[in-house]
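What follows draws every value from the coordinates through simple rules; no lab data is involved. Keep in mind it's a predicted model, so treat the numbers as computed, not measured. A quick note on method: Cβ atoms are made from the backbone with ideal geometry, for glycine too, and the neighbour counts reach across all protein chains shown.
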Amino acid sequence: MTDALGSIDMPESGRPANETSDSDSEKKPRRGGKRGKKGPFGRLGLFYRQIVAELRKVVWPTRNQLSTYTSVVIVFVVIMIGLVTVIDYGFGQVVKYVFG
């Protein structure tokens, strides 16, 4: 009877049955592929190339969207400043009343 976690084709180690542990000792240790063979400047260049590639994928807002988003944020911040000011003033008045 087979257990629910494993497969008949896969041994306990999780490797295929035709792969033996003897071949593991003959293999050379991995160095990280392409990234392991480059020096620090090569890795830095790769990093910046990846940054530029990711920034090209970004959907940038139009000028109209940007101005709309900016005005919404400014209005929200002004409302929050007003709310915090009123609450602060109220707490100040309560403290003056309680402590004289």
Checklist outcome for this item: Packing-ranked peptide list from 52-60, 40-48, highest mean Cβ count within 10 angstrom first, is 40-48, 52-60
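Just want the ordering: F99, F76, from fewest to most Cβ atoms lying within 10 Å of their own Cβ. Write out the running numbers ahead of the final one.
Details: F99 6, F76 10.
Fewest to most other Cβ atoms nearby, the residues stand as F99, F76.
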Checklist entry - Could you give me the ³J(HN,Hα) list for segment 69-76, computed from phi with Karplus coefficients 6.51, -1.76, 1.60 and θ = phi - 60°, whole Hz, x at Gly and Pro? => result 4, 5, 5, 5, 5, 5, 5, 4
